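Nothing in this text is a laboratory measurement; each read-out follows from the coordinates by a stated rule. Computed from a predicted structure; not experimentally measured. Note that each Cβ is placed from the backbone with ideal geometry, even for glycine, and that neighbours are counted across all protein chains shown.
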Amino acid sequence: MSAPTGHIPIRVSATAPNATRTDISAGRAGEFLLICDEPPERHGNNEGMLPLEAFLSGYVACSNVIINMIASELGIRFGELRLRAKGHLNPKGYLGIEQIKAPFSQVTLEIAGSASGELSNLDKLKSQLRWRCPAAATFESAGTEVREIWNLEET
């Protein structure tokens, strides 16, 4: 099946050696590996991050790339950024209690670091992030409340 014209295919593949561990590979030659598992209290072996931690990690990494892409367009320069995400998961869906549209009722992204350049454009950057970052846009379209906390020092 081919991708729609103009769309970029994103691929990962995985093997599941047991019921809770998933070994995920990505990259053009499968050179990058991510291991996800569950903790012992959920019958796992704690051999990797939780699948939903990996999901939030993708959100953080995507946000970093898009923040810096927009910043470059707007004349803003960042020093090292520190990003954290916290999601509030409604377990009713995966427990089979209720079908819900937005499993994460809220996610909070914290961005800290230093910035210089055209800082008068920071509000433009912030307003574009939610619709230009595919991960953030996915949360938004699902009905998840997306919060951002920016703590930047001017340098």
Rounded to the nearest 20 debye, dipole of the stretch 51-154 from Cβ charges on Lys, Arg, Asp, Glu = 240
key: Longest segment of the chain lacking GluC sites (Glu not before Pro) that sit in a DSSP loop with at most 11 other Cβ atoms within 10 Å   = 99-155
remark   = Whole-Hz Karplus couplings 3J(HN,Hα) for the stretch 91-107, θ = phi - 60° and coefficients 6.51, -1.76, 1.60, Gly and Pro as x, run x, 4, x, 6, 7, x, 7, 7, 7, 10, 6, 10, x, 8, 6, 8, 10
task = Give the cross-link partners of Lys124 among the lysines, using a straight C-alpha distance below 25 Å as the criterion and excluding same-chain residues fewer than 8 apart.
result = Lys86
query = Relative contact order of the chain: what whole-number percent is it, with Cα pairs under 8 angstrom and at least 6 residues apart?
reply = 17
query = Can you sort Val60, Val146, Val65, Val107 by how many other beta carbons sit within 10 Å, fewest first?
reply = Val65, Val60, Val146, Val107
inquiry  = Along the Cα→Cβ direction, 7 angstrom out, place labels at Glu140 and Arg28. What is the inter-label distance in nm?
reply    = 3.2
request  = Please give the length that would be gained between Leu83 and Ile8 if that part of the chain were fully extended, namely 0.36 nm times their separation in residues minus their C-alpha to C-alpha distance (nm, one decimal).
outcome  = 24.4 nm
key: Sites excluded, trypsin sites (Lys or Arg not before Pro) in DSSP loops with at most 16 other C-beta within 10 Å, longest stretch of the chain   = 29-91
Prolate/oblate/rounded call for the stretch 19-105, Cα gyration tensor, a/c under 1.5 rounded = oblate
task = Would you mind getting me the FRET efficiency between Ala54 and Lys124? Use the beta-carbon distance for r and R0 = 25 Å, nearest 0.05.
result = 0.25
ask   = Whose amide H sits under 5 Å from the amide H of Asn46, counting only residues 5 or more places off or on another chain, with H placed in the peptide plane?
value = Glu38
Kyte-Doolittle at least -0.5, axis length at least 30 Å by Cα - qualifying DSSP helices, the chain = 51-74
ask   = Under 5 Å between amide H atoms, partner at least 5 residues away or on a different chain: which partners does Ala14 have, H built in plane at 1.01 Å?
value = Ser25
ask   = How many times 2.2 N^0.38 Å is the alpha carbon radius of gyration of the chain?
value = 1.20
